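Input: one structure, supplied below.
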Amino acid sequence: MRTLVSKLMLSLVVAVSAASFSAPVAADDVKMVGVITKIKMASDGKSAVATLKDNKSGDSVTININDDLTLDKFKDKRIVEGDEIRAKYDNAGGKNESKSFKKTAGC
(Lines give C-alpha, C1' and ligand atoms only; values in the text may rest on other atoms or scores of the structure.)
Protein backbone atom coordinates (compact mmCIF):
# COMPACT_ATOMS: atom_id res chain seq x y z
CA MET A 1 0.00 0.00 0.00
CA ARG A 2 2.84 2.36 0.86
CA THR A 3 4.52 1.71 -2.46
CA LEU A 4 1.33 2.52 -4.33
CA VAL A 5 0.91 5.83 -2.48
CA SER A 6 4.56 6.68 -3.08
CA LYS A 7 4.22 6.00 -6.79
CA LEU A 8 1.08 8.12 -7.00
CA MET A 9 2.74 11.01 -5.17
CA LEU A 10 5.81 10.78 -7.41
CA SER A 11 3.57 10.80 -10.50
CA LEU A 12 1.74 13.86 -9.20
CA VAL A 13 5.00 15.72 -8.50
CA VAL A 14 6.34 14.90 -11.97
CA ALA A 15 3.10 16.00 -13.64
CA VAL A 16 2.99 19.31 -11.74
CA SER A 17 6.65 20.09 -12.41
CA ALA A 18 6.28 19.28 -16.11
CA ALA A 19 3.27 21.59 -16.36
CA SER A 20 5.12 24.43 -14.67
CA PHE A 21 8.07 24.19 -17.09
CA SER A 22 5.98 24.04 -20.24
CA ALA A 23 6.02 27.02 -22.62
CA PRO A 24 3.51 29.74 -21.87
CA VAL A 25 0.53 29.96 -24.14
CA ALA A 26 1.38 32.49 -26.83
CA ALA A 27 -0.86 34.33 -29.21
CA ASP A 28 -1.20 32.87 -32.65
CA ASP A 29 1.38 34.19 -35.11
CA VAL A 30 0.09 33.93 -38.63
CA LYS A 31 2.28 33.99 -41.74
CA MET A 32 0.88 34.76 -45.16
CA VAL A 33 1.80 35.94 -48.63
CA GLY A 34 -0.62 38.16 -50.46
CA VAL A 35 -1.16 41.18 -52.67
CA ILE A 36 -1.99 44.56 -51.12
CA THR A 37 -5.44 45.67 -52.21
CA LYS A 38 -5.70 48.76 -50.00
CA ILE A 39 -3.48 50.92 -47.78
CA LYS A 40 -5.01 53.50 -45.46
CA MET A 41 -2.62 55.73 -43.54
CA ALA A 42 -3.77 57.39 -40.32
CA SER A 43 -3.97 61.19 -40.44
CA ASP A 44 -1.08 61.50 -37.96
CA GLY A 45 1.08 59.10 -40.03
CA LYS A 46 1.90 56.93 -37.01
CA SER A 47 -0.16 53.91 -38.07
CA ALA A 48 -1.76 52.35 -41.11
CA VAL A 49 -4.18 49.64 -42.06
CA ALA A 50 -3.36 47.42 -45.02
CA THR A 51 -5.71 44.93 -46.64
CA LEU A 52 -4.09 41.91 -48.29
CA LYS A 53 -5.63 39.22 -50.45
CA ASP A 54 -4.20 35.89 -49.26
CA ASN A 55 -2.64 33.92 -52.15
CA LYS A 56 -3.63 30.54 -50.67
CA SER A 57 -7.22 31.09 -49.60
CA GLY A 58 -8.19 34.19 -51.56
CA ASP A 59 -9.54 35.80 -48.37
CA SER A 60 -9.01 39.48 -47.58
CA VAL A 61 -7.05 40.09 -44.38
CA THR A 62 -6.77 43.49 -42.69
CA ILE A 63 -3.51 44.11 -40.82
CA ASN A 64 -2.75 47.02 -38.46
CA ILE A 65 0.76 48.41 -38.95
CA ASN A 66 2.55 50.48 -36.32
CA ASP A 67 6.27 50.00 -36.98
CA ASP A 68 8.19 53.00 -38.31
CA LEU A 69 10.16 51.05 -40.94
CA THR A 70 7.04 49.85 -42.76
CA LEU A 71 5.32 53.22 -42.38
CA ASP A 72 8.33 54.91 -43.99
CA LYS A 73 8.10 52.45 -46.90
CA PHE A 74 4.44 53.41 -47.36
CA LYS A 75 5.27 57.14 -47.27
CA ASP A 76 8.19 56.75 -49.74
CA LYS A 77 6.01 54.60 -52.04
CA ARG A 78 8.47 51.68 -51.78
CA ILE A 79 5.44 49.57 -50.83
CA VAL A 80 2.26 50.39 -52.75
CA GLU A 81 -1.07 48.77 -53.61
CA GLY A 82 -0.54 45.80 -55.94
CA ASP A 83 2.76 44.70 -54.35
CA GLU A 84 3.09 41.11 -53.15
CA ILE A 85 3.85 41.05 -49.43
CA ARG A 86 5.15 38.43 -47.00
CA ALA A 87 3.45 39.30 -43.72
CA LYS A 88 3.66 37.93 -40.22
CA TYR A 89 1.06 39.13 -37.74
CA ASP A 90 -0.38 38.43 -34.32
CA ASN A 91 -4.14 37.86 -34.32
CA ALA A 92 -4.69 37.91 -30.55
CA GLY A 93 -7.82 39.68 -29.44
CA GLY A 94 -9.26 39.80 -32.93
CA LYS A 95 -6.78 42.50 -34.00
CA ASN A 96 -4.20 41.62 -36.62
CA GLU A 97 -1.09 43.45 -35.40
CA SER A 98 1.83 43.37 -37.84
CA LYS A 99 5.11 41.82 -36.72
CA SER A 100 6.77 41.71 -40.13
CA PHE A 101 5.66 43.26 -43.42
CA LYS A 102 8.04 42.89 -46.39
CA LYS A 103 7.91 42.67 -50.16
CA THR A 104 8.48 39.13 -51.41
CA ALA A 105 11.05 40.47 -53.89
CA GLY A 106 12.98 42.26 -51.16
CA CYS A 107 12.99 45.85 -49.85
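The values are calculated or read from the model by the stated rules, or taken from the named source; none is laboratory data. The model shown is predicted, which means the values in this text are computed figures rather than measured ones. Please note: Cβ atoms are built from the backbone with ideal geometry, for glycine as well, and neighbour counts cover all protein chains shown. When the accessible area is computed, the model is the full protein with side chains, heavy atoms only, and any ligands, DNA or RNA have been set aside. Shrake-Rupley method; radii C 1.70, N 1.55, O 1.52, S 1.80 Å.
Show me the strands (runs of 3 or more DSSP E) found entirely inside the chain where at least 2 residues are at pLDDT 95 or above, over 14 Å from the mean Cα position of the chain (by Cα) and of a type in the set (Val, Ile, Thr). Working first, answer last.
Numbers: elements: 29-41, 48-54, 60-65, 84-90, 97-103.
Qualifying strands (runs of 3 or more DSSP E): 29-41, 48-54.
Let me ask another. Considering each residue of region 43-57, count those that are among the small types (Gly, Ala, Ser), more than 16 Å from Lys73 (Cβ to Cβ) and open to solvent by less than 100 Å² (accessible area, probe 1.4 Å), and give that number. Spell out the reasoning first.
So in region 43-57, the residues among the small types (Gly, Ala, Ser) come out as 43, 45, 47-48, 50, 57.
Right, trim to more than 16 Å from Lys73 (Cβ to Cβ) and you get 43, 57.
This time we only want the ones that are open to solvent by less than 100 Å² (accessible area, probe 1.4 Å), so: 57.
Residues that pass the stated criteria total 1.
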